[in-house]
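The values are calculated or read from the model by the stated rules, or taken from the named source; none is laboratory data. Because the structure is a prediction, the values reported are computed rather than measured. Heads up, the Cβs are rebuilt from the backbone with ideal geometry, glycines too, and the neighbour counts pull from every protein chain shown. Each accessible area value is taken on the protein alone, full model and side chains, heavy atoms only, with ligands, DNA and RNA left out. Shrake-Rupley method; radii C 1.70, N 1.55, O 1.52, S 1.80 Å.
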Amino acid sequence: MTFAGLDERILKALSDKGWMSPRQVEELVGHARRKGQDLGDAIVGSGILEEGEFLGLVSEAAKVPFLLELPSGPRVAENTGSLPIQFARKHTLFPFQDPADGVLKVAVHRLDGEVLENVATFFGRPVSPVLSTRKTISEAINRTYERSSEAAGEAIESLESGDLTVRASDLDEPQDLLDASDEAPIINFVNSVLYEAVKDRASDIHFEPFEGDFSIRYRVDGVLHTAHNLSKKHHSPILSRVKVMANLDIAEKRLPQDGRIRIKIAGKDVDIRVSTVPTSFGERGVLRLLDRSQVLLGLEEIGMAGDHLRAMEKITHLSHGITLVTGPTGSGKTTTLYGALTRINSADKNIITVEDPVEYQLKGISQIQVNPKINLTFANGLRSILRQDPNVIMVGEIRDLETAQIAIQASLTGHLVFSTLHTNDAAGAVTRLIDMGVEPFLVASSVTSILAQRLVRRICPNCKEQYEPLPEEMEETGFSREDIPSGGLWRGAGCPKCIGTGYLGRTGIYELLMVTDAVRGAILKNPDSQTVKKIALDQGMRTLRQDGGLKILGGVTTVEEVLRVTREENGNAAL
């Protein structure tokens, strides 16, 4: 299968369409030859065309179809799965059978006659090339080669008959879990659990031993779901496998241990923090999953909109002062701070963070990892940052008086400081700082805004339906009949895509307290949080429940979800 003269036709098309002058074409060819680059890589790498635009050009020149999407499903997997995944990934190609004409097609991002002939030889039949982007082909490979959702169940069955003794020679870590097919039953099962958890968007995996059985649960969208119930005899070898992967001491079962696993699952780079603790019925393990390939979300993507977004835009462009984000663990505080920093990240600003742990790598921002073992605490890290000439500082959490005092001094000497506190609402942050020992006048003069937030689950778009709310729901939320949209409120019926929960993904609800002159005057009198909150409400602040109410009426989330995450308001704040 040859494509003679294709490069010349592509270069001529570039010149004919006015995208490059003849001299630029000559320079590009010379550059590609010197670097040993493929022509397509050179054109896309130079920024002349996006990959999709270039492939459209190749499609015209070679008379080969260009597809923006590739098929998936059982029939595709049946015809594709026999080709080794390593070969498909190495050459970035995806074979599939066209259901319309039965022709075996191969999606490629580059027309290489030798590779296509190898695929044809492997399948023993002619193949027809189509063009698609690298990203589209990689996603199709992962979708089709991924293990079915029953993989963990099949592994459980193999555990019953397999040898439960995990030998050291059996514990070699595969490069990608999808590449491992003939491993020992324990290894196969743990790989399946990790894959299943990533596929289901789990943030944590819990391995929990009880008196007579052993439970594995996944936390999805902030809520735990039981995934597997196993016999107690499987607990020790499974947890030993996890500990080996995390380089922990498998012989030590009396003390807590912490470790880390770095693996690839279906092409995704996943960082896993492992924690084990001894319990009455054996060691309990929790794995926190962090998908490093996941795109960092901006403020709009995490649910901030309207007046809250406009206010945050102003806050992030202040020259000094402290902005605090409050809420319980797992309420998205760090993601919000990352979103704010990303918004102002530019070459003319020196932004430094001190975090525990560093969850995402932010390009252009210096990030320091807290390490108490060498006395690198938040306070010591923050003190050192001040000697690095920063414009903006982010402190992962204000945990003690020393950190609070240094952060306040930094803000008073012309630095913009972002940090978090564990309080239930925005006004509670004021009293928390004062309780730590910070003088009220320092709080009043340094803190410019406090954002309280929670994460609520989004209604699954695939099974979304309208319903008439019950009188009890109306009473609990404070909605009147006039507030309800025509057709009623929304909820999820439950479908396979959302694991039957009716929810898919999460979004934020917010309570933004701006420290105005009136609020500042109240802080100087060392008030309780309710006094500060009342002043802020009089000045137009929306409570968490009120902000959640807007998302209920907008069909984003449900009454049940908003009430679940705002119970501490005791129902006193009507929506």
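Give me the percent of accessible area attributable to carbon and sulfur for segment 282-416, probe 1.4 angstrom. Mind showing how you got there, number by number?
Working: 3090 of 6150 Å².
Looking at segment 282-416 in its full context, I get 50 percent from C and S.
Can you list the HN-Hα couplings for segment 354-368, worked out from phi with the Karplus curve (6.51, -1.76, 1.60; θ = phi - 60°), rounded to whole Hz and with x for Gly and Pro?
With the stated coefficients, segment 354-368 comes to 10, 9, 8, x, 7, 7, 10, 7, 9, 5, x, 10, 7, 10, 10 Hz.
How do 320-329, 444-453 rank on mean C-beta neighbours within 10 Å, highest first? Before the final figure, lay out each step's value.
Details: 320-329: 21.1, 444-453: 22.9.
By packing density, highest mean first, the sequence is 444-453, 320-329.
Which shape class applies to segment 246-308: rounded if a/c is under 1.5, otherwise prolate when a/b exceeds b/c and oblate if not, where a ≥ b ≥ c are the square roots of the Cα gyration tensor eigenvalues? All intermediate terms of the calculation are to be shown ahead of the outcome.
Details: a/c = 4.47, a/b = 2.04, b/c = 2.19.
Oblate shape, in that a/c is at least 1.5 and b/c is the bigger or equal ratio.
Using a 10 Å Cβ count of at most 13 others and DSSP loop calls, identify the longest part of the chain lacking such trypsin sites (Lys or Arg not before Pro).
Working: sites that count: Lys17, Lys63, Arg167, Arg254, Arg292, Lys363, Arg481, Lys525.
Counting at most 13 other Cβ atoms within 10 Å as exposed, the longest clean stretch of the chain is 364-480.
Based solely on its DSSP helices, what 222 nm [θ] is calculated for the chain when runs of n ≥ 4 H residues each add -39,500 (n - 2.57) and the sum is averaged over all residues, nearest 500 deg cm²/dmol? Display every interim value, and only then the final one.
Numbers: 22 runs with 220 residues, N = 575.
Mean residue ellipticity at 222 nm (helix-derived): -11000 deg cm²/dmol.
What FRET efficiency comes out for the pair Lys63/Asp271, r = Cβ-Cβ distance, R0 = 60 Å, nearest 0.05? The partial results should precede the final answer.
Values: r = 45 Å, r/R0 = 0.75.
With a Förster radius of 60 Å, E is 0.85.
Treat each spin label as a single point 7 Å out from the Cα along the C-beta direction, and report the Ser319 to Asn462 distance in nm.
Between Ser319 and Asn462, the simple spin-label model gives 5.3 nm.
What list of ³J(HN,Hα) values in whole Hz, one per residue of segment 269-282 in order, does the Karplus curve 6.51 cos²θ - 1.76 cosθ + 1.60 (θ = phi - 60°) give from phi, with Gly and Pro shown as x?
In residue order, the calculated couplings are 7, 10, 9, 10, 9, 10, 9, 10, 9, x, 10, 4, 10, x Hz.
State whether segment 450-520 is rounded, prolate or oblate according to the following rule on the C-alpha gyration tensor (a ≥ b ≥ c being the square roots of its eigenvalues): a/c under 1.5 gives rounded; otherwise a/b larger than b/c gives prolate, and the remaining case gives oblate.
On the way: a/c = 3.44, a/b = 1.52, b/c = 2.26.
Note, shape of segment 450-520 comes out oblate.
Taking a temperature of 37 °C and a viscosity of 0.692 mPa s, what whole-number D in µm²/s does Stokes-Einstein yield for the chain with Rh from Kirkwood over alpha carbon pairs?
Working: Rh = 27.8 Å.
This corresponds to a translational diffusion coefficient of 118 µm²/s.
May I ask you to derive the relative contact order of segment 335-384, considering only C-alpha pairs under 8 Å and at least 6 residues apart, and to give it as an integer percent? It would help to have the intermediate numbers written out before the result.
On the way: 44 pairs, mean separation 14.1, N = 50.
Value for segment 335-384: 28 percent.
Enter the accessible area per residue of segment 368-492 (Å², integer; probe 1.4 Å; all protein chains in place).
On the way: 5640 Å² over 125 residues.
Averaged over the residues of segment 368-492, the accessible area is 45 Å².
State which entries of Lys264/Lys464; Lys333/Lys497; Lys264/Lys497; Lys63/Lys105; Lys12/Lys90; Lys233/Lys268 exceed 25 angstrom in Cα-Cα distance in the structure shown. Kindly include the intermediate steps, with their values, before the conclusion.
Working: Lys264/Lys464 33 Å; Lys333/Lys497 27 Å; Lys264/Lys497 23 Å; Lys63/Lys105 15 Å; Lys12/Lys90 30 Å; Lys233/Lys268 32 Å.
Exceeds cut-off: Lys264/Lys464; Lys333/Lys497; Lys12/Lys90; Lys233/Lys268.
Taking the 0 to 90 degree range and rounding to the nearest ten, how far is the long axis of helix 22-35 tilted relative to the main principal axis of the chain, both from C-alpha atoms?
For helix 22-35, the angle is close to 90 degrees.
Suppose accessible area is computed on protein heavy atoms with a 1.4 Å probe; arrange Asp269, Asp348 from highest to lowest.
On the way: Asp269 40, Asp348 120 Å².
From most accessible down to least: Asp348, Asp269.
Restricting to Cα pairs below 8 Å that are 6+ residues apart, what does the relative contact order work out to for the chain? Please round to a whole percent. Mind showing how you got there, number by number?
Details: 959 pairs, mean separation 47.5, N = 575.
Relative CO of the chain lands at 8 percent.
If you count the DSSP beta bridges with both ends in the chain, what percent of them are antiparallel, to the nearest 5?
Values: 58 of 86 bridges.
Of the beta bridges lying entirely in the chain, close to 65 percent run antiparallel.
If you average the alpha carbon positions of segment 220-287 and of segment 437-487, how far apart do those two centres end up, in angstrom?
Answer, in whole Å: 35.
Which of rounded, prolate or oblate describes segment 482-528 when judged by the alpha-carbon gyration tensor and an a/c cut-off of 1.5?
On the way: a/c = 5.11, a/b = 2.46, b/c = 2.07.
Prolate, since a/c reaches 1.5 and a/b exceeds b/c.
Ordered by residue, what ³J(HN,Hα) values in Hz, to whole numbers, does segment 466-471 give under the Karplus form 6.51 cos²θ - 1.76 cosθ + 1.60, where θ = phi - 60° and Gly and Pro are x?
8, 8, 8, x, 6, x
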